[in-house]
Amino acid sequence: RTVYFIKDMQSCNYVSTVSKAFFLFLLTQTVPVTGSRNIVVGNDPSQFNLEWVDGACYLPIKNVHVGDTLEFIFAGHNVHKMKSKEAFDACRFGSDEDSELLSFESPYKYTFTEEDARPTSLSLSNDEVANTTLYRSLYFACSISGHCSGKQRVRVDVDIDFDGITSSMTPAGLRSQRESSPDLSEGEPVSKFLLGLDDDTCARIQNDDVDQSMLEDIEPIESICDDPVKEVGDDGRETWFRSCLSSPFTLTPGGVVNRASVVHYPFPTSHRVVLGRNIWEFVQGDLDNLHPAPVNQLYIHHILSNIVQGNGAESINRSDEDAPFPFPYGQLTGDFDDMMTFHLIDLRETGDNLLPCLECRCRDKQGVFLDFGGSGGDGREDTGGIYCCSNCTSLMSPTIDYRMRYNVSWTEVSEDEPTIRVVDMTIDMAKALGKSKLLEWDVPSYENLPEGQRHPTIPNIQVLERTGPLRDIFNWIGKVYDYEMFEIHRCIGHMHIGGIEAWIRVAETDEIVCHLQTTYGDDPSKDKNFLTSISVPNFDPPKLLPGDTEMRVTMHYNASELHTGVMGLLTIFMSDHARSTVIHHNETSLTIDLCEAPECDSSFFPDINEISIRCEDDIASNLICDLAEICTCEQFLNLPFVTGGCDEGSQLVIPASFGIPESAGGSVYPVEVFCAKTCGCKDLEDEEKRSKILLQEIKSRFQQDYMRICRYATEECRKMLSNLYTCSKYGADDVLDPLIRKAIVELQEPTKGEMSEEGTLKVFERAKIGNKAIHRLSSFEPNQDVLSCAATDEEFNTNAPNSSSSSTCGYGVFASLLACIACAFVFRS
């Protein structure tokens, strides 16, 4: 079996270990045509929405018609239409004859016109038609240095417009020829991709030089892990260790990588475990002679991951920020996947431009670095930082293959005492410059700093400060824990070159909760003037703070010279003092064993009589207000994704390309959810609309209950899902209110649109708890035979396996703002 990188559309972040036979199936899969299409590049229905990035191999998109659109979603890239196959193959962008810049702003949609569907020869004889491919190929690529040659290009085959052909063969004959052509297959055009392929193999696939039989011989470049090794400590507890390597990142001198990649999931896939001490570094060389890459050669801008803590250059070869917590506290696996986002910059040959290069400064058309980056210092708020981070030189050789080496460890949840779950909360200091800011900002020299950012006594320091209740300001991308009393265990930070220190204080008393200080290297051969560490305060026993405590968070950056595209993320690791998040050993399984109840029990579903329909404007309390500053109905109703204003049937429509699964509530939301009062409370006057609102509320409440009850493999979760299985299978018209019954049907999504045994299939999927990626990696399929609950009550046991050695194979791109908003809509309390 070979590891291929596959994600599940419904969860955004899933992967699968599949056989080569299934791999071939993925490449040839089609779905029925349903009319005019929008094709999102990288939105593979067999995997996930990768978007328009470098490093992926995009397969040719076929069966495209006039009027279809091709959508590119990206950051730090652009879209060119290549004028010829030769320019496409050679990645030539030097002249108007080679390419046309379509857009550097995302998202971008290209609409296929009749001209695109004209054959290269407008007059065809019968013999020519018989030997002519009945589609026209168009070519698209990214011109950011090295990205096109790094596989960021795609071919699109547009079916020829037969009505526009002058030929001795009749239009009907041409259509008959098309229908019998082996080069064309029926189905909806989709954008598929493969990860882990080398450039030559990808080029062969993009040019159709690889037939189906040859695909069996294509081996992806895999991320690998050693087998787990067990050690027994002085306290008798078993700890498992594992060492892994990522797939290689091939970089040219001055080259940049900024993409999500799949790495090997090193932890057990059958059950949750407690994370131990983890550490990582980047290495280079042959697999049998790997050695560390110094930070002044390979700069780690940032890493987003849950497998290891990540952060950036300050975290290389350091485990203090990724260490285990004192027993019985611990972080758990089960809720994260094997995706990592890597932003890496090769600093070779950058010379005097080393700092502008690693700070991702923007450049003019001549390639000269400008004095702005993350916040758009020239007044353009949507440029700089990641948008300007492209290769810093035009050199194409010599290349170096870099790999991430990551060593992880874990322990089992104790059978004697439950584990108290530790979670993290992060504050983004960029928001000190405005609520719409996200992640990055510029640090002008001191004399150019606004008065409010100048240190009062030290004339070379930028001061940023945020205040607010603990649970509210530590809520990066809407991640909020509504605990009454927080137990603070650890603080960590991520800053860039120029970062000095940061404080987390109680505002009223000025008590310092955490003080984080930076250290810079002094070795000219590897790290001089590079940020090499940030201190990590730990607390045992943990500090106690009420969730509504007013906090003041301060960060200092060195403003003696310009710094661009810097970041300031501070994370606290905490637990709930009320012990709402403990997990017992028999609750660690990632699957629920279902049983068939004697009858459908309506008490597991929301009580319709307790649901009231309010008529208020909720926009100000919604996440869209916090993240995007859309806080009034006037602003909301003018959004491009809102159709119809307050008119009948008006909706917020989240584009399908953002990957919001229907299982999470769908991606279409009535305007009344946000602005009911502004729109006149119309739904209160219409019985049919009232029923629709009640139906949506029933599904929303059930989903909330499912997320709460089935976080772990508890007996309560087993009873809830077993009842849903029974109700889905038999219907129980005499037990359930018609709206409840309809909600179950829609929640279970059977194709027949009615309660049936087919509807129970969705329950089996709900019985796989935690991150769905983990189940894609496991060969175990639960609930093959569902017995009666009476027969299984005595035998019910969801204990995790005693040994972690059985798991030897396994499975963070910033989340889309709209995806976060949509999830907030669905799971709002």
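Odds and ends about this structure:
- Residue count for segment 277-296, restricted to those that are surrounded by fewer than 18 Cβ atoms within 10 Å (Cβ to Cβ) and either in a loop (DSSP other than H, G, I, E, B) or among the charged types (D, E, K, R) (or both): 7
- For R92, the stated conditions hold: it is open to solvent by 50 Å² or more (accessible area, probe 1.4 Å), over 26 Å from V262 (Cα atoms) and of a type outside the set (G, A, S).
- Tallying residues that are modelled with pLDDT under 60 and open to solvent by 10 Å² or more (accessible area, probe 1.4 Å) within segment 121-143 yields 12.
- Exactly one residue out of E447, E415 is surrounded by fewer than 15 Cβ atoms within 10 Å (Cβ to Cβ), under 30 Å from Y712 (Cβ atoms), out of contact with any Cys (no Cβ under 9 Å at 6 or more places or on another chain) and not polar (S, T, N, Q), and it is E415.
- Residues of segment 416-441 that are among the acidic types (D, E) and farther than 26 Å from L545 by Cβ: D416, E440.
- Residue check for R466: basic (K, R) and open to solvent by less than 30 Å² (accessible area, probe 1.4 Å): no
- Residue match in segment 189-200 (condition: at pLDDT 80 or above and small (G, A, S)): yes
- When the residues of segment 744-792 are filtered to those that are at pLDDT 80 or above and in a helix (DSSP H, G or I), the one that is surrounded by the most Cβ atoms within 10 Å (Cβ to Cβ) is I774.
- Condition broken by S560, with the remaining ones in (1) over 30 Å from S414 (Cβ atoms); (2) within 31 Å of the chain's Cα centre (by Cα); (3) surrounded by fewer than 19 Cβ atoms within 10 Å (Cβ to Cβ) satisfied: (2)
- Restricting attention to segment 478-505, the residues being aliphatic (A, V, I, L, M) and within 29 Å of V582 (Cβ to Cβ) number 5.
- Candidate set from segment 40-60 (those that are surrounded by fewer than 22 Cβ atoms within 10 Å (Cβ to Cβ) and either at pLDDT 90 or above or of a type in the set (A, V, I, L, M) (or both)); member that is nearest to the chain's Cα centre (by Cα): L59
For (1) at pLDDT below 80; (2) closer than 20 Å to D527 by Cα; (3) touching a strand residue (DSSP E or B) at 6+ places or on another chain (Cβ under 8 Å), each residue gets a yes or a no:
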{"residue": "P324", "(1), (2), (3)": "no, no, yes"}
{"residue": "L344", "(1), (2), (3)": "no, yes, yes"}
{"residue": "N353", "(1), (2), (3)": "no, yes, yes"}
{"residue": "C357", "(1), (2), (3)": "no, yes, yes"}
{"residue": "C388", "(1), (2), (3)": "yes, no, yes"}
{"residue": "N391", "(1), (2), (3)": "no, no, yes"}
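- Residue match in segment 216-224 (condition: modelled with pLDDT of 85 or more, under 30 Å from K768 (Cβ atoms) and either touching a strand residue (DSSP E or B) at 6+ places or on another chain (Cβ under 6 Å) or surrounded by fewer than 23 Cβ atoms within 10 Å (Cβ to Cβ) (or both)): yes
- Restricted to helices (runs of 4 or more DSSP H) entirely inside segment 585-685, those with at least 1 residues that are modelled with pLDDT under 70 are 623-628.
- Test: residue in segment 73-84 that is at negative phi, outside any strand (DSSP E or B) and at pLDDT 90 or above: yes
- Residue check for S589: more than 33 Å from the chain's Cα centre (by Cα) and either surrounded by 14 or more Cβ atoms within 10 Å (Cβ to Cβ) or more than 30 Å from D337 (Cβ to Cβ) (or both): no
Let's see how each residue does on (1) open to solvent by less than 20 Å² (accessible area, probe 1.4 Å); (2) closer than 30 Å to T457 by Cβ; (3) among the acidic types (D, E):
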| site | (1), (2), (3) |
| --- | --- |
| G547 | yes, no, no |
| T554 | yes, yes, no |
| M567 | yes, yes, no |
| H584 | no, no, no |
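- Qualifying positions in segment 229-266 - at pLDDT 85 or above, open to solvent by 20 Å² or more (accessible area, probe 1.4 Å) and over 25 Å from Y299 (Cβ atoms): V229, K230, E231, V232, R237, E238, T239, F241
- Residue count for segment 398-444, restricted to those that are within 30 Å of F539 (Cα to Cα), touching a Leu at 6+ places or on another chain (Cβ under 9 Å) and assigned to a loop (DSSP other than H, G, I, E, B): 4.
- When residues in segment 686-726 are screened for being touching an Asp or Glu at 6+ places or on another chain (Cβ under 8 Å) and at pLDDT 85 or above, 10 of them pass.
The values are calculated or read from the model by the stated rules, or taken from the named source; none is laboratory data. Note that this is a predicted model, so its numbers are computed, not measured. Quick reminder, even Gly has a Cβ in these numbers, built from the backbone with ideal geometry, and neighbours come from all protein chains shown. Remember, those area values only see protein heavy atoms, side chains included, never the ligands or the DNA or RNA. Shrake-Rupley method; radii C 1.70, N 1.55, O 1.52, S 1.80 Å.
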